[in-house]
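A.B. asks: Here's a structure for you.
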Amino acid sequence: KAESVGVITVTDTTLPVFVTGVANEIKEFGIQNVSQHILAVDASGINNYMVNDTVNFKINPATGLLENNTVLAIGTYNINVTATDNNGNKAESVGVITVTDTTLPVFIQGVQSQSVELGLPVQQSVVATDLSGIATYVVNDTANFQINTSGSLTNKSTLVAGTYNINVTATDNN
């Protein structure tokens, strides 16, 4: 009777493959809601997912759901998600999340047309709102009017009789 004995070793050196990787996205400041389903496959199965930026993002280690966990500031976020298979092989998917602010401030109370008796002051409250806050108000006629950071519009000196076309611009913090 003859025998042949040997050892068969099965190894896994194959990296996971991303079916759905990190997608590049542009998000509006204040209304980001990053929500991406990252999916990798591997013959041995996927053990977990991890994200590099844990300050601003989280990923469900089992399902691969990537979300922002903070309100993201304006800027660019380089996201790197690692998928690890059940034998320790790792693959990475990278993408960029860019947060911009293209939303203009909205006036809740704008400049009101009014008639003022000669010699009396002009005083109005101008109010704008924006998710990032209001940085400045600017009035077009700086020779005759001024406006402060709170939106209080007043005349600088006694106005002469006439018509003044006033335009106030609000600029947000971004």
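The values are calculated or read from the model by the stated rules, or taken from the named source; none is laboratory data. These figures come from a predicted structure and were not determined experimentally. Cβ coordinates were reconstructed from backbone atoms using ideal geometry, including for glycine residues, and neighbour counts include every protein chain displayed. Protein only, heavy atoms only, side chains kept; ligands, DNA and RNA dropped before computing areas. Shrake-Rupley method; radii C 1.70, N 1.55, O 1.52, S 1.80 Å.
A.B. asks: Quick check: is even one residue across segment 3-13 under 23 Å from the mean Cα position of the chain (by Cα) and assigned to a loop (DSSP other than H, G, I, E, B)? Walk me through it before giving the result.
C.D. replies: If we filter segment 3-13 for residues that are under 23 Å from the mean Cα position of the chain (by Cα), which is where we start, we get none.
The answer is no, given that none of the residues of segment 3-13 is under 23 Å from the mean Cα position of the chain (by Cα) and assigned to a loop (DSSP other than H, G, I, E, B).
A.B. asks: Search segment 22-50 for residues that are free of Cβ contacts under 8 Å to residues at least 60 places away in the same chain and in a loop (DSSP other than H, G, I, E, B) and pair each with any residue that is of a type in the set (D, E, K, R) and surrounded by fewer than 19 Cβ atoms within 10 Å (Cβ to Cβ) when their beta-carbon atoms are under 9 Å apart and the residues are at least 6 apart or on different chains.
C.D. replies: Listed by first residue and then by second, the contacts come to 33/27; 33/67; 42/12; 43/12; 44/12.
A.B. asks: List every residue pair whose Cβ atoms sit under 6 Å apart, with the two residues 6 or more apart in sequence or on different chains, where the first one lies in segment 63-76 and is touching a residue at least 60 places away in the same chain (Cβ under 8 Å) and the second, anywhere, is assigned to a strand (DSSP E or B) and of a type outside the set (Asp, Glu).
C.D. replies: 74/99
A.B. asks: If you don't mind, another one. Kindly indicate whether any position in segment 73-80 is closer than 30 Å to residue 173 by Cα, assigned to a strand (DSSP E or B) and open to solvent by 80 Å² or more (accessible area, probe 1.4 Å).
C.D. replies: Within segment 73-80, one or more residues are closer than 30 Å to residue 173 by Cα, assigned to a strand (DSSP E or B) and open to solvent by 80 Å² or more (accessible area, probe 1.4 Å).
A.B. asks: Please go through segment 51-62 and pick out each residue that is open to solvent by 80 Å² or more (accessible area, probe 1.4 Å) and outside any strand (DSSP E or B).
C.D. replies: 52, 54, 55, 62
A.B. asks: Condition (residue is over 30 Å from residue 44 (Cα atoms), open to solvent by 60 Å² or more (accessible area, probe 1.4 Å) and either at pLDDT below 95 or in contact with a helix residue (DSSP H, G or I) (Cβ under 8 Å, 6 or more places away or on another chain) (or both)) applied to segment 132-148: is it met by at least one residue? Let's see the steps before the verdict.
C.D. replies: Going through segment 132-148, the residues over 30 Å from residue 44 (Cα atoms) turn out to be 132-148.
With the extra rule that they be open to solvent by 60 Å² or more (accessible area, probe 1.4 Å), the set shrinks to 138, 140, 142-143, 146, 148.
Restricting the remaining residues to those that are either at pLDDT below 95 or in contact with a helix residue (DSSP H, G or I) (Cβ under 8 Å, 6 or more places away or on another chain) (or both) gives none.
Scanning segment 132-148, I find no residue that is over 30 Å from residue 44 (Cα atoms), open to solvent by 60 Å² or more (accessible area, probe 1.4 Å) and either at pLDDT below 95 or in contact with a helix residue (DSSP H, G or I) (Cβ under 8 Å, 6 or more places away or on another chain) (or both), so the answer is no.
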